[in-house]
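**Student:** Take this structure, written in structure tokens, and hold onto it; I'll ask about it next.
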2 protein chains.
Amino acid sequence: MDMPIRTTDEVNLDRLDTALGFLMRLAQLKIYERFFEEVGDHNLKPGEFSVLWVLLHNPGIRQSVLGQRLMIKRAHMTKLIRSLEDQGLVSRRIPDDDRRAVEITLTPAAVTMVEQAGDWFFTYEDSVGENLSAAERRQLTALLRKFVGLG
Amino acid sequence: MDMPIRTTDEVNLDRLDTALGFLMRLAQLKIYERFFEEVGDHNLKPGEFSVLWVLLHNPGIRQSVLGQRLMIKRAHMTKLIRSLEDQGLVSRRIPDDDRRAVEITLTPAAVTMVEQAGDWFFTYEDSVGENLSAAERRQLTALLRKFVGLG
DNA sequence: CAAAATTTGTTTACAAAGAAACAATCTCCA
DNA sequence: TGGAGATTGTTTCTTTGTAAACAAATTTTG
């Protein structure tokens, strides 16, 4: 009873083990872990890929809109975009109708690269829910989409 | 068609909007946002609360076991525990049978505090899934538990 | 129209978290 | 027994992301 805990599975989490915030954090750590196992060599980080993917499908999108959609803060977006620009993957353009804004576009080389990266990214994504059945995985996705207000 | 995107809901995410990693990140950001709205005044961060909660239910647990269960890396755990110690919330003890290890216990003052914090934390947790029905919320929790290998 | 308020992106300073190297201790086995 | 290897926690350094202050451009409003 009063024996000090020695092993992980003896730990009593009490109600914490049904707290959404806690479960979500564990889930995300697991996903990140697998991401670097499976695709770490392609030297693209998850955040970078999501930015590039959205740029592939929304050429000329404004930095602010991109950030709002991906929930990336302005200060951080500035660094991300500069890094991608330094790698020659994106170009920036100040539009005439609002000279505060910046429009971002993939370079031609990046278009090919991102299409290819999409192949292994979504292959990896499909493999992430392996301990769930296909139906459970669909259900989880649908619930998460509703939870975050997408769809 | 080729009109540049101007507003958030025009953005085309393509398959990204069903990627578990992406949805999970959005979900966690939403949860954190709400955490600081609702309970930010209690100057406890989510990570700190989870550590204190587990200590409440597992007095004298070893730092390594605590870290493994909560998926907190050793280096980070050291800082967390020291911070809690500086706030007078936990005490550290080197057990005789393994002088590398550290056993952590809540101070008496902290016990009361954490029990109280649990009240508002789990109230907040219940309110987090507001745009889901009770059944959907249970389902989401169960799927996440299976996904991360709990239960 | 002109002043005030807002939006957009950048900079600077900082906090959270991880990686790698390290020291101390313990375990295992020849 | 004693030495090789593993475990535990700490330190140091780096990365990732946020907060706050700022400058420039735009919008609002009196």
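**Student:** I'd like to know how the range B:87-151 sits against the 2.2 N^0.38 Å rule of thumb: what's its Cα Rg over that expected value?
**Tutor:** Numbers: Rg = 18.1 Å, N = 65, 2.2 N^0.38 = 10.7 Å.
Expressed relative to 2.2 N^0.38 Å, the Cα Rg reads 1.69.
**Student:** For the charge dipole of the range B:44-125, defined by +1 on Lys and Arg C-beta atoms and -1 on Asp and Glu C-beta atoms about the Cα centroid, which residue among B:W53, B:M71, B:V114 has the Cα displaced farthest towards the positive pole?
**Tutor:** B:M71
**Student:** May I have the extent of the alpha carbons of the range B:1-147 along their three principal axes, as whole Å values ordered from largest to smallest?
**Tutor:** 71, 30, 29
**Student:** Could you give the semi-axes, largest first, of the ellipsoid that matches the protein assembly as shown, computed as the square roots of 5 times the alpha carbon gyration tensor eigenvalues and rounded to whole Å? Walk me through the numbers before you get to the answer.
**Tutor:** Values: eigenvalues 320, 85, 79 Å².
After scaling each eigenvalue by five and taking roots: 40, 21, 20 Å.
**Student:** Something else: Can you list the trypsin sites (Lys or Arg not before Pro) in the range B:79-151 that are in a DSSP coil and have 10 or fewer other beta carbons within 10 angstrom? It would help to have the intermediate numbers written out before the result.
**Tutor:** Values: sites: B:K79, B:R82, B:R92, B:R93, B:R99, B:R100, B:R137, B:R138, B:R145, B:K146; in loops: B:R99, B:R100.
Filter output for the range B:79-151: B:R99, B:R100.
**Student:** To continue, here is another question. About the Cα centre of chain B, how large is the charge dipole given +1 on each Lys and Arg Cβ and -1 on each Asp and Glu Cβ? Please answer in debye to the nearest 20.
**Tutor:** 820 debye
**Student:** Based on Cα coordinates alone, diagonalise the gyration tensor for the range B:44-125, multiply each eigenvalue by 5, take square roots, and list the semi-axes in whole Å, largest first.
**Tutor:** 21, 14, 11
**Student:** Let me ask something additional. Any idea of the accessible area per residue across the range A:12-119, 1.4 Å probe, to the nearest Å²?
**Tutor:** Using a 1.4 Å probe on heavy atoms only, each residue of the range A:12-119 averages 51 Å².
**Student:** Checking the cross-link filter: which lysines have an alpha carbon closer than 29 Å to that of A:K79, excluding same-chain neighbours under 8 positions apart?
**Tutor:** Result set, ordered by chain and number: A:K30, A:K45, B:K30, B:K45, B:K73, B:K79.
**Student:** Among residues other than B:Q28 whose Cβ falls under 13 Å from its Cβ, what is the net charge (Lys/Arg +1, Asp/Glu -1)?
**Tutor:** Taking every Cβ under 13 Å from that of B:Q28, the sum is +4.
**Student:** Over all residues in A:62-71, what is the mean tally of Cβ atoms on other chains that come within 10 Å of each residue's Cβ?
**Tutor:** Across the residues of A:62-71, the mean count of other-chain Cβ atoms within 10 Å is 5.
**Student:** At 20 Å minimum axial length over the Cα atoms and a Kyte-Doolittle cut of -1.0, report the qualifying DSSP H helices in chain B, or say none.
**Tutor:** B:20-39, B:108-127, B:134-148
**Student:** While we're here: Hey, can you rank A:113-126, A:22-35 by average C-beta count inside 10 Å, highest first?
**Tutor:** Per-residue mean Cβ counts within 10 Å order the peptides as A:22-35, A:113-126.
**Student:** Just checking the output field for A:47-54: average partner chain Cβ neighbours within 10 Å of each residue's Cβ?
**Tutor:** Taking the mean over all residues of the peptide, I get 3.
**Student:** Find the sum over both chains of the accessible area lost when B and A are paired, probe 1.4 Å, and report it in Å² to the nearest 100.
**Tutor:** 6600 Å²
**Student:** Let me ask something additional. Quote the charge dipole size of the protein assembly as shown about the Cα centre in Debye, to the nearest 20; the model charges only the Cβ of Lys and Arg (+1) and of Asp and Glu (-1).
**Tutor:** Values: 40 positive and 44 negative charges, 87 e Å.
Value, rounded to 20: 420 debye.
**Student:** Count charges around B:L56 for me, please; just the other residues with Cβ under 13 Å from its Cβ, Lys/Arg as +1, Asp/Glu as -1.
**Tutor:** Net charge around B:L56: -3.
**Student:** Taking the Cα centre of the range A:46-123 as the origin, how large is its charge dipole in debye, to the nearest 20, when only Lys and Arg (+1) and Asp and Glu (-1) carry charge on their Cβ atoms?
**Tutor:** Working: 10 positive and 9 negative charges, 85 e Å.
The calculation lands at about 400 debye.
**Student:** For the range A:73-121 and the range A:125-143, what is the centre-to-centre distance using only Cα atoms, to the nearest Å?
**Tutor:** 31 Å
**Student:** Determine, for each peptide in B:101-107, B:47-53, the mean count of other beta carbons within 10 angstrom over its residues, then list the peptides with the highest first.
**Tutor:** By packing density, highest mean first, the sequence is B:47-53, B:101-107.
**Student:** In addition: What average count of beta carbons from other chains do you get within 10 Å of the Cβ of residues in B:135-147?
**Tutor:** That average works out to 6.
The values are calculated or read from the model by the stated rules, or taken from the named source; none is laboratory data. What you are looking at is a predicted structure, and each value in this text was computed from that prediction instead of being measured. FYI the Cβ positions are ideal-geometry reconstructions off the backbone, even for glycines, and counts take in every protein chain you see. These accessible areas exclude ligands, DNA and RNA; they are computed on the full protein's heavy atoms, side chains included. Shrake-Rupley method; radii C 1.70, N 1.55, O 1.52, S 1.80 Å.
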